[in-house]
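Below you'll find the structure, written out as structure tokens, and then a few comments.
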Amino acid sequence: MDEAALIRFDTIPSFLGVSVGDLEDLLPGQVAIAGYFCDNLARPAAGQRYLARQLRYASRPEKAPANAIDLGDVNVFPLERDKHFSAVIAQCAAVLETGARMVLVGGDSSGLEALGVAAQKVTGADVPVIPVTGGVAGRLSHTQPVILSVDLQELAGKWVSHPRRLTGMSPAQMIAQIDATPGDVIAAAIFGLAPELDIRGGAETRAALAILQAVTERLEKGAG
């Protein structure tokens, strides 16, 4: 086996090709990306939990963000609702308490709910959630902590293998909205897509990966 093949074999797939680390590796201002393997608590749709895995497999290190780290997956207990939310909130809060920013990838919108509670716990105040489709954005100061909600069900039907709607946003439109999000984006959740795990899911996986890249770069920027 040649050297290039050994490198490919030994490399652990990670979000966007970033380094893999743990909580003690986080620094203030760094972007921590974590998978959320749960899709049966809010708008249940089987397969949404696989998004994180697909994006790791599709990632390449050439465009790896300089200030991001893959934390692995948060521990979940989807069959024990109270225990689940308590655990996910605590894990998200532990990340935010380091001064790092957090992106939760995959699953259903229950991850966004837990992330919101964790942000409130850490900041001591309500943290507005800004959907990728827009909303309260224009009324926020550039120092206001906010959470970005990226619901991939808002993608137009042509971008997904099992569309629930024909109309919607293109990846480019989502990315433009992400880039324009004001405030101090301290966290984000990307959810709502159940990717096909074979070649049929190629287009939607590439779209989701580009959106994750844009979200990570927006969090690296901090206050907008």
Quiz item: Of the residues 45, 66, 5, which single one is under 17 Å from residue 192 (Cα atoms) and either modelled with pLDDT of 90 or more or not in a strand (DSSP E or B) (or both)?
Solution: 45
Practice problem: Please find, among 88, 122, 76, the residue that is free of Cβ contacts under 8 Å to residues at least 60 places away in the same chain, assigned to a loop (DSSP other than H, G, I, E, B) and crowded, with 17+ Cβ neighbours inside 10 Å. | Solution: 76
Exercise. Any chance you could count how many residues in the range 151-194 are part of a strand (DSSP E or B), in contact with a Gly (Cβ under 8 Å, 6 or more places away or on another chain) and closer than 29 Å to residue 29 by Cβ?
Key: 6
Practice problem: Looking only at the range 158-175, decide whether some residue is in contact with a Pro (Cβ under 7 Å, 6 or more places away or on another chain), among the aliphatic types (A, V, I, L, M) and crowded, with 16+ Cβ neighbours inside 10 Å. | Solution: no
Quiz item: Which is charged (D, E, K, R) and touching a Lys or Arg at 6+ places or on another chain (Cβ under 9 Å), of 70, 82, 126?
Solution: 70
Exercise. Determine, yes or no, whether residue 188 is in contact with a Lys or Arg (Cβ under 8 Å, 6 or more places away or on another chain), modelled with pLDDT of 95 or more and under 21 Å from residue 42 (Cβ atoms).
Key: yes
Quiz item: Counting just the residues of the range 125-140 that are out of contact with any strand residue (DSSP E or B) (no Cβ under 9 Å at 6 or more places or on another chain) and more than 25 Å from residue 48 (Cα to Cα), which one comes out surrounded by the fewest Cβ atoms within 10 Å (Cβ to Cβ)?
Solution: 138
Quiz item: Scanning for something under 26 Å from residue 160 (Cβ atoms), within 16 Å of the chain's Cα centre (by Cα) and among the charged types (D, E, K, R), does the range 61-70 turn up at least one residue?
Solution: yes
Exercise. Sort through 55, 16, 51 and tell me the only one that's at pLDDT 95 or above and on the phi > 0 side of the Ramachandran plot.
Key: 16
Self-check item: Matching residues, the range 48-63, being assigned to a helix (DSSP H, G or I) and either touching a His at 6+ places or on another chain (Cβ under 9 Å) or of a type in the set (Lys, Arg) (or both)
Solution: 49, 53, 56, 63
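The values are calculated or read from the model by the stated rules, or taken from the named source; none is laboratory data. Just so it is clear, the structure is predicted and the values come from calculations on it, not from any experiment. Every residue, glycine as well, gets a Cβ built from its backbone with ideal geometry; the counts of neighbours run over all protein chains shown.
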